[in-house]
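For reference, the structure discussed in these notes is given below.
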Amino acid sequence: MNRPIGIIDSGVGGMTVAREVMRQLPKEEVLYLGDTLRCPYGPRPFQEVRRFTLNMIRFLTEKNIKLLVIACNTATAAVLKEVQSMLPIPVVGVIHPGARAALKITKHREIAVIGTEGTIRSQAYDMALHSIDDRVNVHSIACPEFVPLVENGMVNNQETLQVIYERLAPLRDMSIDTLILGCTHYPLLSPLIELVMGTQVTIISSGSETAREVSTILHYSNRLYTGDRAPQHRFYTTGSSEMFNRLTYEWFDQGIKYIEHIELS
């Protein structure tokens, strides 16, 4: 099916999902929309997150996408079920894929989740994990400082390491063996998070697991593109297109040729 995959996020973090989708499905075209102007979503009220997310979805569905990925954990917790019942195309969130992967890996059923205030407050990961295995112990911590660090490009310096060390200190005293990065911005901080948590803790990126789910859904629904046309990826941002352009050159081979600033209500 020669139609694009749509990916939305509150900012640049969903690029970690887009990059993995493009790696796993090199023939598929990706349309990415990051609401960098209004990022982060985590501290915002539920109704505001819902309105912003539905605005992004409306923009991409008008582009005739064949599948939608809500690559923001906060937005997934707020609207996933509503949007799945509303749209005629598959809609994938980032919470259940990450939860399933963590349960496959954990040896002692001691799992930690880090995320934005909105994601942790929603208890979406707790519910997803317990819906599969009610014996698992879930330890959740909100990390509101992490998204601004990523959005400002501070992903690998001493100041960021200190912030991560202080925020994750409570988890270091627990017997957890698996840590879910419950925000698609957080994989950009993975090397520092791994350094803080140690080798005894396995890090799960919900974004990478989501990309695998996208591949599976497209295959079983006969929506994969099998032709020879090279994909023309298009990225949209409500914020600075110059910043988006710089980041795509850092995270994608040869960057993304089509980047456009848009305005949403």
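Please treat every number below as a calculation from the coordinates, not as lab data. Remember, it's a predicted structure, so these values are computed and weren't measured experimentally. So basically every Cβ, Gly included, is an ideal-geometry build from the backbone, and we count neighbours across all protein chains shown.
When the GluC sites (Glu not before Pro) in region 146-176 are filtered for DSSP coil states and for at most 12 other beta-carbon atoms within 10 Å of their beta-carbon, no site remains.
Rounded, prolate or oblate: which fits region 38-119 when a ≥ b ≥ c are the square roots of the eigenvalues of the alpha-carbon gyration tensor, with rounded for a/c under 1.5 and prolate only if a/b beats b/c?
Values: a/c = 2.86, a/b = 1.48, b/c = 1.93.
The shape class here is oblate.
For q values of 0.17, 0.18 Å⁻¹, compute log₁₀ I(q)/I(0) with the Debye formula on a Cα-only model of region 1-69, without solvent. For region 1-69 at q = 0.17, 0.18 Å⁻¹, log10 I(q)/I(0) is -0.61, -0.68. Counting only Cα atoms, the size of region 128-258 along its three principal axes is 52, 38, 26 Å, in decreasing order.
Residue order for MET243, MET86, MET22, fewest other beta carbons within 10 angstrom first, comes to MET86, MET243, MET22.
Loop-located trypsin sites (Lys or Arg not before Pro) in region 14-87 (DSSP state other than H, G, I, E, B) with a sparse environment of at most 14 neighbouring Cβ atoms within 10 Å: LYS27, LYS63.
Each listed q (0.09 Å⁻¹) maps to a log10 I(q)/I(0) for the chain from the Debye sum over equal C-alpha point scatterers, namely -0.37. What angle do you read, to the nearest 10 degrees and between 0 and 90, between the alpha-carbon axis of helix 73-86 and the longest principal axis of the chain? Taking the Cα atoms of the chain, the angle to 73-86 is about 50 degrees.
With a Förster radius of 45 Å, plug the Cβ-Cβ distance of LEU87 and ARG109 into 1/(1 + (r/R0)^6) and report the FRET value to the nearest 0.05. Efficiency at R0 = 45 Å is approximately 0.80. Please work out the C-alpha center-to-center distance from region 197-222 to region 92-152 and express it in whole Å. What the calculation gives is 13 Å, centre to centre. Under the simplified labelling scheme, the HIS219-ARG23 pair shows an inter-label distance of 1.7 nm, with each label point 7 Å from Cα along Cα→Cβ. How about region 206-265: which GluC sites (Glu not before Pro) there lie in a loop by DSSP and see at most 12 other Cβ atoms within 10 Å? Counting only loop positions with at most 12 other Cβ atoms within 10 Å, the GluC sites (Glu not before Pro) in region 206-265 are GLU263. A straight Cα-to-Cα reach below 25 Å connects LYS81 with the lysines LYS63, LYS66, LYS104, residues fewer than 8 places away in its own chain not being considered.
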